[in-house]
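For reference, the structure is listed below as C-alpha cells.
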Amino acid sequence: MKPGKGDVAIQRKISGRQLEELQKHTWMMCEAYGLDDRVDNYKGKRPISFYQWDLDCLLCVLDMALRDEKEYPDKQDEGYVCLQALHDDLQREYEETYP
C-alpha cells in the first residue's frame, strides 16, 4: 500500500529488548504488505516510519502476543514488560496522531 498526500507517518526509534521482542513476532505480520520484512530488517539505529495501517497491524500483533500464555507465562518477565511498554507507547501515539 502506498501512502497518499494526507497520510501521516509516525517516526519511532525501537531498540534493545523491545526490538528483540517485536522481531520475535513478525511472523504474525505476514499479510501486512512488507511490514514483517521492514521490522525484521530494522536495526534500531534510526527511527522507523509507521503509517496508520502499519500501526493497526502492529498493535493487533502485540496484543495477541501479550495475551499468549505460552509465550509469556510470567507477566513480570523482562520481555513481557518491554513488549507491553512498546504496545502502550504505540497505542498512545496512535491515539494522538489519528483521533
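Quick look at the values:
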| quantity | calculated |
| --- | --- |
| Cα convex hull of the chain, projected area averaged across orientations, nm² | 6.3 |
| Restricting the range 1-76 to GluC sites (Glu not before Pro) in coil, as DSSP defines it, with at most 15 other Cβ within 10 Å | 31, 69 |
| Whole-number percent relative contact order across the range 10-97, with pairs defined as alpha carbons under 8 Å at least 6 apart | 36 |
| MRE, 222 nm, helices only [DSSP H, n ≥ 4, -39500 (n - 2.57), over the chain, to nearest 500] | -16500 deg cm²/dmol |
| Listed residue (87, 60, 19) projecting farthest to the positive dipole end of the chain, Cβ model | 19 |
| Magnitude of the charge dipole, the range 10-97, Cβ model with Lys/Arg +1 and Asp/Glu -1, debye to 20 | 440 |
| Interchain or long-range residues, amide H under 5 Å from residue 48's placed H | 12, 13, 14 |
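Any read-out appearing in this document is the output of simple, stated calculations on the displayed coordinates, not a laboratory observation. All values reported here derive from a predicted model rather than from experimental measurement. Quick reminder, even Gly has a Cβ in these numbers, built from the backbone with ideal geometry, and neighbours come from all protein chains shown.
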